[in-house]
Amino acid sequence: MEFSYEVKDSYAEVKADGRLNMVSAPKLREFVTDVIAGGSSRIVVNLENTAFMDSSGLGALIGCLKAARQAGGDLRIAGVQPQVKMVLELTSMDRVLTAYASAEEAFSND
Amino acid sequence: MPSMPEPRRAVVIEDDPDIRGLLVRILVKQGFEVTQAEAGLPGVEEVRRAKPDLVTLDLNLPDLDGLEVCKLLREFSDAFIVMLTARADELNKLTGLDNGADDYISKPFSPRELQSRINALFRRRQPSAVDTAVASELERATEVQLSLLPQEDVRVDGYDVAGVFRPSRSVGGDFYDWYRTPEGLHLTFADAMGKGMGAALIAATVRAVMRSTGQRQDLDSAFASASKTIAADLDSSNSFVTLFHARLDAASGVVSYVDAGHGLALHITAEGLAHRLPSGGPPVGAWAGSAWPQSAIVLSPGDSLVVVSDGVLDVFDSVEQFTEAVLAAGHGQVSAQSACDAIMALAPAETAEDDVTVVVVGRLPEPAAA
């Protein structure tokens, strides 16, 4: 899995490309924590190239969300693909992790 | 240069502060590094963390029964366990059973008696190879996981109940548990996040906690209390567990259930329709402040409740496809066991990366009127 990020006007966009599983989940966590520590607490995780997410991957997203809120910001997800959407719905975590069609829309209303 | 021998470690699990203090003093005097816990679940955590050589365990703890704690510890620790009981008459009963404890001492005890018992235990200790620990971890995790499954079939008049479990090589955190109640049956079906020993140990805790709340009449309060305990336990490990817990009232066919983030239970009717039961809230431990509403279905004669783990879901592209396939495999089978086997076969062993678990609770069709 590859990570990259870009700081935009009102948020930082993190891209996580590949499979978000037990191996990559701790790395995503570390990556996002570093971005937050760097001063951006409003995070959009762009999942348009994340084809697969398992329970460890979900755990990492939850951990990142907690970290962002802790820092006074928020974490939102965008570009969610079918398998990831399915995991979010089955686990009812779609009520907590708000999904947006694109990274631009995620923080457009606030 | 001679290497320092590693200090021996001990954990004292005891709710009475005076006795706890005394035990700590005795053990420190014997050269142990000692940590302590005042209840069962924190004690299990402490043993998991400290990896001690010796545990002293009080039989009467505020949260869990000492025997239950002992069983939990045995699932991952090979420390010597010395159980302490205030009742001398319990001693005979205990020593006759294989509880996993190495020795028993009744209170009040003399410090010298405790010391000599402990010395005797350590003289018996077999030398152990250090390197095998890592190599055998997965094997042990599998053992832990298998030990969580019901050891016996459960029989409920008018019903046919079966479960199957196939561990993956990497050991997921699946397990199921069931037991009879006066009304019918309690069923727990869970999947801990992640893989390996960590997931297996979380599963072990969840099983114990769910069992300990089985006495409560009210499902809502039982689940609320259990989830609170589990979440507190999971907080430090940043983990969570999906949990489906159901109670069957055999006479009416009513299945009351709470689904925390599982979402893969199906109600399959006698006519061959499948209704998936959506989860009522996030997995336990995933998000603080979550609540899980109780729901219910009614099993009519010929209906079944089918609970499947995500190891089967992984084979399909969508929940809809999964539901159809489970229905096709499970409906019209001659027994709950054959339905379980057919559903498990949907995830071929060669390709499955995760554990596969299936439980079927079928209400038998009513015999044709004579």
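To keep it simple, each residue is scored yes or no on (1) assigned by TED's automatic domain parsing to the domain that holds B:Asp249; (2) in a strand (DSSP E or B); (3) over 15 Å from B:Gly311 (Cβ atoms).
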{"position": "B:Leu138", "(1), (2), (3)": "no, no, yes"}
{"position": "B:Pro150", "(1), (2), (3)": "yes, no, yes"}
{"position": "B:Asp153", "(1), (2), (3)": "yes, no, yes"}
{"position": "B:Val156", "(1), (2), (3)": "yes, no, yes"}
{"position": "B:Val164", "(1), (2), (3)": "yes, yes, no"}
{"position": "B:Ser168", "(1), (2), (3)": "yes, no, no"}
{"position": "B:Tyr176", "(1), (2), (3)": "yes, yes, no"}
{"position": "B:Tyr179", "(1), (2), (3)": "yes, yes, yes"}
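Somewhere in the range A:46-61, is a residue surrounded by 21 or more Cβ atoms within 10 Å (Cβ to Cβ), touching a strand residue (DSSP E or B) at 6+ places or on another chain (Cβ under 7 Å), farther than 24 Å from B:Lys195 by Cβ and among the polar types (S, T, N, Q)?
yes
Taking the range B:296-324 on its own, how many of its residues are of a type in the set (Gly, Ala, Ser) and surrounded by fewer than 20 Cβ atoms within 10 Å (Cβ to Cβ)? Talk me through it step by step, then tell me what you get.
Initially, the range B:296-324 is screened for residues of a type in the set (Gly, Ala, Ser), giving B:296, B:300, B:302, B:304, B:309, B:311, B:318.
Subset that is surrounded by fewer than 20 Cβ atoms within 10 Å (Cβ to Cβ): B:296, B:300, B:302, B:318.
Looking only at that region, the number is 4.
Do we have B:Ile230 as without any contact (Cβ under 8 Å) to a residue 40 or more places away in the chain, under 26 Å from B:Arg180 (Cα atoms) and either within 14 Å of chain A (Cβ to nearest Cβ) or not small (Gly, Ala, Ser) (or both) here?
On the way: without any contact (Cβ under 8 Å) to a residue 40 or more places away in the chain: no; under 26 Å from B:Arg180 (Cα atoms): yes; either within 14 Å of chain A (Cβ to nearest Cβ) or not small (Gly, Ala, Ser) (or both): yes.
In short, no.
Test each condition in (1) over 28 Å from B:His331 (Cα atoms); (2) within 12 Å of chain A (Cβ to nearest Cβ); (3) surrounded by fewer than 21 Cβ atoms within 10 Å (Cβ to Cβ); (4) touching an Asp or Glu at 6+ places or on another chain (Cβ under 9 Å) for B:Ala192 and report the one that comes out false.
(3)
Only one residue in A:Thr33, A:Thr50, A:Thr91 is in contact (Cβ under 8 Å) with a residue 24 or more places away in the chain and in contact with a Pro (Cβ under 6 Å, 6 or more places away or on another chain), so which one is that?
Working: A:Thr33 fails: in contact with a Pro (Cβ under 6 Å, 6 or more places away or on another chain); A:Thr50 fails: in contact with a Pro (Cβ under 6 Å, 6 or more places away or on another chain).
That would be A:Thr91, the only listed residue that is in contact (Cβ under 8 Å) with a residue 24 or more places away in the chain and in contact with a Pro (Cβ under 6 Å, 6 or more places away or on another chain).
Given (1) in a helix (DSSP H, G or I); (2) touching a strand residue (DSSP E or B) at 6+ places or on another chain (Cβ under 7 Å); (3) buried (at least 22 other Cβ atoms within 10 Å of the Cβ), identify the lone condition not met by B:Arg207.
Of (1) in a helix (DSSP H, G or I); (2) touching a strand residue (DSSP E or B) at 6+ places or on another chain (Cβ under 7 Å); (3) buried (at least 22 other Cβ atoms within 10 Å of the Cβ), only one is false for B:Arg207: (3).
Which condition from (1) under 29 Å from B:Val312 (Cα atoms); (2) more than 10 Å from every other protein chain (Cβ to nearest Cβ) is the one that A:Arg29 breaks?
(2)
Looking at the range B:172-190, I want the residues that are among the basic types (Lys, Arg) and have a partner that is surrounded by fewer than 22 Cβ atoms within 10 Å (Cβ to Cβ) with Cβ atoms under 9 Å, at least 6 apart or on another chain. Which pairs are those?
If the second residue must be surrounded by fewer than 22 Cβ atoms within 10 Å (Cβ to Cβ), the pairs left are B:Arg180/B:Val154; B:Arg180/B:Arg155; B:Arg180/B:Val156; B:Arg180/B:His186.
If I ask for residues that are within 11 Å of chain B (Cβ to nearest Cβ) and of a type outside the set (D, E, K, R), which ones from the range A:65-92 would you list?
If we filter the range A:65-92 for residues that are within 11 Å of chain B (Cβ to nearest Cβ), which is where we start, we get A:65-67, A:69, A:82-83, A:85-92.
Within the range A:65-92, A:Leu65, A:Ala67, A:Pro82, A:Gln83, A:Met86, A:Val87, A:Leu88, A:Leu90, A:Thr91, A:Ser92 meet the criteria.
Which one of the conditions (1) buried (at least 18 other Cβ atoms within 10 Å of the Cβ); (2) assigned to a strand (DSSP E or B) does B:His275 fail to meet, given that it meets all the rest?
Of everything listed in (1) buried (at least 18 other Cβ atoms within 10 Å of the Cβ); (2) assigned to a strand (DSSP E or B), B:His275 misses just condition (1).
The values are calculated or read from the model by the stated rules, or taken from the named source; none is laboratory data. All of these numbers come straight from a predicted model, not from anything done at the bench. No Cβ is skipped: glycine too gets one built from the backbone with ideal geometry, and neighbour counts run over all protein chains shown.
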